[in-house]
1. Give all pairs with beta carbons closer than 8 Å in which a residue from the range A:258-286 that is closer than 23 Å to residue B:299 by Cα meets a residue that is part of a loop (DSSP other than H, G, I, E, B) and of a type in the set (Asp, Glu); count only pairs at least 6 apart in sequence or on separate chains.
2. So which of B:251, B:256 is assigned by TED's automatic domain parsing to the domain that holds residue B:280, surrounded by fewer than 16 Cβ atoms within 10 Å (Cβ to Cβ) and hydrophobic (A, V, I, L, M, F, W, C)?
3. Would you check which residues across the range A:111-125 are over 19 Å from residue A:208 (Cα atoms) and open to solvent by 50 Å² or more (accessible area, probe 1.4 Å) and list them?
4. When you scan the range A:209-241, how many residues do you find that are part of a helix (DSSP H, G or I) and either without any contact (Cβ under 8 Å) to a residue 40 or more places away in the chain or not basic (Lys, Arg) (or both)?
5. Residue by residue through the range A:380-424, note down the ones that are open to solvent by 40 Å² or more (accessible area, probe 1.4 Å), assigned to a strand (DSSP E or B) and in contact with an Asp or Glu (Cβ under 9 Å, 6 or more places away or on another chain).
6. In the range A:154-192, what count of residues is obtained for those that are free of Cβ contacts under 8 Å to residues at least 40 places away in the same chain and assigned to a helix (DSSP H, G or I)?
7. Filter the range A:193-208 down to the residues that are open to solvent by 40 Å² or more (accessible area, probe 1.4 Å) and in a helix (DSSP H, G or I) and list them by number.
8. So in the range A:319-330, with the set limited to residues that are facing chain B (nearest Cβ under 7 Å) and either open to solvent by less than 10 Å² (accessible area, probe 1.4 Å) or in a loop (DSSP other than H, G, I, E, B) (or both), which one is modelled with the lowest pLDDT?
Number of protein chains: 2
Amino acid sequence: MVWAFCMALNVGLVGFGTVGKSVARLITERHDGLLHLTHVCSRDVARRRVDWLPSEVCWTDRFEDLLTAPIDAVVELIGGLEPAADWVSRALEAGKAVVTANKQLVATRGGALLALACQHRTELAFEAAVGGGIPIIRGLRDGIAGDRIRSIVGILNGTCNFILTRMEHGGVSYAAALREAQERGYAEADPSEDVDGDDARAKLSILARVGLGLELEPSQLRAQSIRPLDHVDFTYARRLESTIRQVSRVALRDNAGEQIEARVGPALVPLSSPLAAIVGSRNIVVTTGDYGSETLFAGHGAGGNPTAVAVVSDLVALARHGARWVDVCPHGAKRTSIVSDAPSPHYLRLVVNDRPGIIAGLAGVLSAHDINIDAVLQEPGNPKSALPFVVTLESCPESTMRRAVEEIAALDFNVQPPLCLPML
Amino acid sequence: MVWAFCMALNVGLVGFGTVGKSVARLITERHDGLLHLTHVCSRDVARRRVDWLPSEVCWTDRFEDLLTAPIDAVVELIGGLEPAADWVSRALEAGKAVVTANKQLVATRGGALLALACQHRTELAFEAAVGGGIPIIRGLRDGIAGDRIRSIVGILNGTCNFILTRMEHGGVSYAAALREAQERGYAEADPSEDVDGDDARAKLSILARVGLGLELEPSQLRAQSIRPLDHVDFTYARRLESTIRQVSRVALRDNAGEQIEARVGPALVPLSSPLAAIVGSRNIVVTTGDYGSETLFAGHGAGGNPTAVAVVSDLVALARHGARWVDVCPHGAKRTSIVSDAPSPHYLRLVVNDRPGIIAGLAGVLSAHDINIDAVLQEPGNPKSALPFVVTLESCPESTMRRAVEEIAALDFNVQPPLCLPML
């Protein structure tokens, strides 16, 4: 066996925004001598420099200064693909460990960067890239490494969860909930990356690598936006003893991992499920394994301090245990492009200009696709010219459902495109 | 920095009961070559030997055979203090890593055994000692190592949780729920260790060491039995929008960790809390940190396979990362004997022989102790000779409450001892 021991790490920080400031504060408030912040690299140093960091900390706007300095670990917090990918590569090539919170970088370049880290006998750590302060990467990689994981289901995007729980509990529209999220700093001026599912897809592909050993391009994963949701959907969901969450899910269909199911998007979840209990900007991940069954991790998925906890925990692990140059998937991740769609019951909400024959037309299309109707729900008190109602459907593959919905959308009684959600 | 790498581990298993069999199965069903089961040490080998293990596995009833064999890690699953303590010590002294599920051993001898492991540059790992398959030890030690943990609250005993949730959802008596737990193998013939809190105290003292750096003797921790609970308590709890769980809690009162609060026992928890959602034999741990706020870990707290996942995950971590001879608390755990009692609102249930003046007598004692009454609840339909009713009380220290309850218990209208529970 090989023995590792504690040693103090010199840390260089790249990026000094909200998370960067929190990381600097957490490091300087520790009293165990494990971490020394020696460099901060940021644009516009003169304006960004703060007086609460020790005077020995060296400020620079040139990343190259970190490569030549006696730094053990570089913390990358600038986000985006470039120059982050270039800088992370050069740090690894210089033999420095890298800790990053950059989910897009890890999701799209993770394979190559992890291989580079192995090659240079150093480590790329990324606990902060998924689930903020929740130690889910370490949980999957080490904590339940003895299990054989089958599926990973989670709420991975705090912005969507804030919007959806405001719609659920505040009875407000999507637009109003989004505005509130923007005012509180939970959503960007252009919220596409969050609400259309790109952010969650990147995180899900990282979890699929660590937990299931799969190499999945985020763009391979089907994503559905939460934009078409209306607060009436929460009323109907409640009648079905459910609520709506943006759910990210990846699951193996067979032992070889050649058949997988993966999806990001709004879904009905039972009120009794742990997903329904996650409100506001919190995150949750539920893993299912052959031996340990369900294990659940939850906490604050975003924000400066929780994200900084993840970064600093990675640094502490490096100091205590040394860099681990094993790849995250010891034998390399398995590339797979066979992404099957999961069969599930569906919730189909229509808004129609009411007239006789609507159910008959709808039933005809569904029956042609071999989809069975479970129930028809209609809340009173809506105008006949824009009447919402819901049909629940027995389990069928998502692709079958999609084709049926396309045909239904073409029927002339619709005054809005139909909304179809899986029911978990 | 020091670099660790993967190497295959030879594993010797001591104890071949339910968990031992599961561990053997998980190891032999892995295909990554990291773990080799080379020895099984058990009493009565002739009777216990199984045909599904590879024929190379060496069976023995002499622990000494493992010390001289080329084994890297010894898995101790015999439970109890002796001979487990002696065997674990000798394995560590022989430079072997030890993985154990033995909570009493780690709780009462953990400090000495961890020091011994350090001294011999090897590791004592004990993920399986708390929370079955939930990776809570690793979560506290590594996953949120960057945070400053303030409190740890959990449901740590699956037997109590099974009994309490049967009383809650099945409306059955304590005795009936216990019998059911015994029939299903969730409770021992003598259930004292579980229902009186010893098991949870041991686990809480382990979590206090790993998460808060405190050295707490389990016997220092106040424990209250769940035996006096009646199903009427669940009726009253529900009227208070709460339910009842065996809650284990340890919290720092100050930064130095000299003032701590610690308690194991039944408590009212709000229905909206994550603790209320934990049913059956599941476990949960919720940590609160200065930076990351609440982080939650939940899953299957007992059973052969979930416990085996924890054992095998410890072995995989040893194989991947090498033994870590840092103590769990890098600078040694802080010994503390100052265990303060937490102030909280209380639930006080009395069963009385009804007559005028009872509330006046009760109110007199409470007022003498400066305890304010919040509300008096009485469900209809009970005989006057054994009338249950509940008084909720505003926040006061547990010790004050205890003295008041002693006086109340001496009043002549009681037909059962009063039951007092904290409300979280």
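1. Correct list of pairs: A:270/A:241; A:271/A:241; A:272/A:241.
2. So the residue among B:251, B:256 that is assigned by TED's automatic domain parsing to the domain that holds residue B:280, surrounded by fewer than 16 Cβ atoms within 10 Å (Cβ to Cβ) and hydrophobic (A, V, I, L, M, F, W, C) is B:256.
3. Of everything in the range A:111-125, those that are over 19 Å from residue A:208 (Cα atoms) and open to solvent by 50 Å² or more (accessible area, probe 1.4 Å) turn out to be A:119, A:120, A:121.
4. Residues of the range A:209-241 that are part of a helix (DSSP H, G or I), as a first pass: A:209-212, A:218-220, A:231-239.
Checking the rest, the ones that are also either without any contact (Cβ under 8 Å) to a residue 40 or more places away in the chain or not basic (Lys, Arg) (or both) come to A:210-212, A:218-220, A:231-238.
Number satisfying all stated conditions: 14.
5. Those that are open to solvent by 40 Å² or more (accessible area, probe 1.4 Å), assigned to a strand (DSSP E or B) and in contact with an Asp or Glu (Cβ under 9 Å, 6 or more places away or on another chain): A:394, A:397.
6. Going through the range A:154-192 one residue at a time, the tally reaches 12.
7. Kept after step one, since they are open to solvent by 40 Å² or more (accessible area, probe 1.4 Å), are these residues of the range A:193-208: A:193, A:196, A:198, A:201.
Of everything in the range A:193-208, those that are open to solvent by 40 Å² or more (accessible area, probe 1.4 Å) and in a helix (DSSP H, G or I) turn out to be A:193, A:198, A:201.
8. A:330
The values are calculated or read from the model by the stated rules, or taken from the named source; none is laboratory data. Computed from a predicted structure; not experimentally measured. Because the Cβ atoms are built from the backbone with ideal geometry, glycine has one as well, and the counts that use them run over all protein chains shown. The protein model used for the area step is the full one, side chains on, heavy atoms only, and it has no ligands, DNA or RNA in it. Shrake-Rupley method; radii C 1.70, N 1.55, O 1.52, S 1.80 Å.
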